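Colleague: Here you go, one structure.
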Amino acid sequence: MNRVYNEHHIPVLLNEVVENLIWKPDGVYVDCTVGEGGHTRAIAERVLPYGGRVIGIDVDSEVLQIAERNLLSYPNVQLFKFSYVELPVLLSLLQVHKVDGLLVDLGVSTYQLKAEGRGFSFNQDEPLDMRMNLESELTAYHVVNTYPEEKLADIIYNYGEENFSRKIARAIVQNRPIQTTRQLVEVIKMALPYKEVHNRKRHFATKTFQAIRIEVNKEIENISKFLEFAPDYLNPGGRLAIISFHSLEDRIVKHAFKNDKRLKPIGDFISPTTFEVAENPRARSAKLRLAERV
Ligand code: SAH
C-alpha cells in the first residue's frame, strides 16, 4: 500500500550502538527492529567490508519496504518480515546457529507515526489501528471498544504511567463506540482536569496512546520472551543492545541483564547527549543497555 509519507526516521543513539555492539568486525549481527534501517545501515557500513553478515527483521511490511530502499547500496544485508520473538525460527531457516550481536530498538518508527492511516498518532484523525504487524488481529479499535473498564484502566496505568487512568478508562467505556483517533483524544480530554489538558510539556493524550499501542503490539510480552531465549543464540563475547523508551521496559531489561547467569551487563545504561535530544526530541527518554554473553 502506498501511503503519503514525506519524512524520515532519525536513529537514536546511533554511534553509541555501533561502538558498543560491534566487537568483531567479521561477525554476524541481527537488527531485530529494522524500522527504516538507520541502525542497520550503520552496522552494515562497519562490518560488511570485513566479511561480517547483517540480518534485519521487522514485523511491519511497509516499514521494511522503506528499509529496503534505504539499504539499496548494501545488497548483502538480508531483510525479513519476522517478529523478533520468532528469531530462533528465522535463524534455524538460515542455518545460523549463533550470532555475535543482537540489537532491539523498542521505539516506534517515524513511518508508523506519520504515514497516513496507521492510527498511531493523536495528531491525525484516523481509524483506531496501531498495529505494527498489519496481519495481526488485535487493533486499537478492539482494545478501546471491547476491553472491560478495569482492564483498560490497568493498561493505561501500567503501560502509560498515566495517573488519571481510571477516569480515562471510565470515559472510554461511557463513550463507546469510539471510531477514530480524534474521537479518542476528545474522550481523554473530557476525563482529564484542565491543568493536565493544558500541560505544555507533553500532549495530554500521549500516555494513553502509548499504553494502547503497547497492548496492541504485545510489546512488554515480546521483550520479556526475547530476553529469555536471546542469550542462547549469542556466541561467547556476543553482545545484546536494547534501546528502551519506557521505564517499565527498561526495568525488565535491567533485571534480565543483572539476574541472567548467561549474561554480564556492560556498564550502566547510556542516555542520549543533550545535543542529540535537541536534534531529535524523540530520543528524550531513550536508554541503551548492553550485555555480553559469558
Ligand atoms: N532502529 C530503527 C527504528 C526502529 S523503530 C531505525 O533506525 O530506523 C521500531 C521498529 O520495531 C518498528 O519498525 C516496529 O515495526 C518494529 N517492531 C516492533 N515490534 C517488533 C517485533 N516483535 N519484531 C520485529 N520488529 C518489531
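Colleague: Pick from R41, R200, R166: which is most flexible by mean-square fluctuation in a GNM of the chain where alpha carbon atoms under 10 Å apart are linked?
Modeller: Of R41, R200, R166, the Gaussian network model singles out R200 as fluctuating most.
Colleague: Using only the alpha carbons of region 77-234, what is the convex hull's orientation-averaged projected area in square nanometres? Can you show the working numbers first?
Modeller: On the way: hull surface 42.3 nm².
Its Cα hull, projected and averaged over all orientations, spans 10.6 nm².
Colleague: Give the Cα extents of the chain along the principal axes, in whole Å, largest first.
Modeller: Projected onto its principal axes, the Cα set of the chain covers 58, 43, 39 Å.
Colleague: A further question follows. With a 1.4 Å probe and all protein chains left in place, how much of the accessible area of region 255-294 comes from carbon and sulfur atoms, in whole percent? Spell out each step's value before the answer.
Modeller: Numbers: 1420 of 2470 Å².
Using a 1.4 Å probe with all protein chains present, region 255-294 comes out at 58 percent carbon and sulfur.
Colleague: Show the residues, 5+ positions off or on another chain, whose built amide H is closer than 5 Å to the amide H of V99.
Modeller: For V99, whose amide H was placed from the backbone, the distant partners under 5 Å are L234, N235.
Colleague: Right, next: On the full set of protein chains, 1.4 Å probe, figure out the accessible area of L102 and give it in Å² to the nearest 10.
Modeller: Its heavy atoms expose roughly 0 Å² to the probe.
Colleague: Something else now. What size of dipole, in debye to the nearest 20, comes out for the chain about its Cα centre when the only charges are +1 on Lys and Arg C-beta atoms and -1 on Asp and Glu C-beta atoms?
Modeller: Numbers: 38 positive and 39 negative charges, 138 e Å.
About 660 debye.
Colleague: Percent relative contact order of region 52-118, based on C-alpha pairs within less than 8 angstrom and at least six residues apart? Before the final figure, lay out the partial values.
Modeller: On the way: 41 pairs, mean separation 22.2, N = 67.
33 percent.
Colleague: Right, another one. Explain nothing, just the number: relative contact order of the chain, from Cα pairs under 8 Å at least 6 residues apart, as a whole percent.
Modeller: Working: 522 pairs, mean separation 53.7, N = 294.
The normalised contact order for the chain reaches 18 percent.
Colleague: Further question: If one computes P(r) from the Cα atoms of region 137-216, what percent of pairs lie at distances over 19 Å?
Modeller: Numbers: 753 of 3160 pairs.
Counting every Cα pair in region 137-216, those more than 19 Å apart make up 24 percent.
Colleague: If you don't mind, there's one more thing I want to ask. Taking amide H positions as placed 1.01 Å from N in the peptide plane, with prolines and chain starts having none, which residues 5 or more places from E126, or on another chain, fall under 5 Å of its amide H?
Modeller: Counting only residues 5 or more places away or on other chains, the set is T181, R182.
Colleague: Give, as a single signed number, the net charge of other residues whose beta carbon lies under 10 Å from the beta carbon of R182, with Lys and Arg counted +1 and Asp and Glu -1.
Modeller: Details: positive: none; negative: D125, E126, E186.
Net charge around R182: -3.
Colleague: Related question: Describe numerically, in nm with one decimal, the distance between label points set 7 Å from Cα along Cα→Cβ at E45 and at N76.
Modeller: About 1.7 nm separates the two model spin labels.
Colleague: Express in nm, to one decimal, how much length is gained between N235 and L94 on full extension, taking 0.36 nm for each residue of separation and deducting their alpha carbon distance.
Modeller: 49.1 nm
Colleague: Moving on. At a Förster distance of 30 Å, what's the computed FRET efficiency of E228 paired with E68, Cβ-Cβ distance as r, to 0.05?
Modeller: Details: r = 30 Å, r/R0 = 1.01.
Calculated value: 0.50.
Colleague: List the relative contact order of region 1-88 as a percent without decimals, with contacts defined as Cα pairs under 8 Å and 6+ residues apart. Write out the running numbers ahead of the final one.
Modeller: Values: 129 pairs, mean separation 24.2, N = 88.
Relative contact order for region 1-88 comes out at 28 percent.
The values are calculated or read from the model by the stated rules, or taken from the named source; none is laboratory data. Source: prediction; values computed, not measured. Cβ: placed from backbone, ideal geometry, glycine included. Neighbour counts: every protein chain shown. Keep in mind that these areas ignore ligands, DNA and RNA; they rest on the heavy atoms of the full protein, side chains included. Shrake-Rupley method; radii C 1.70, N 1.55, O 1.52, S 1.80 Å.
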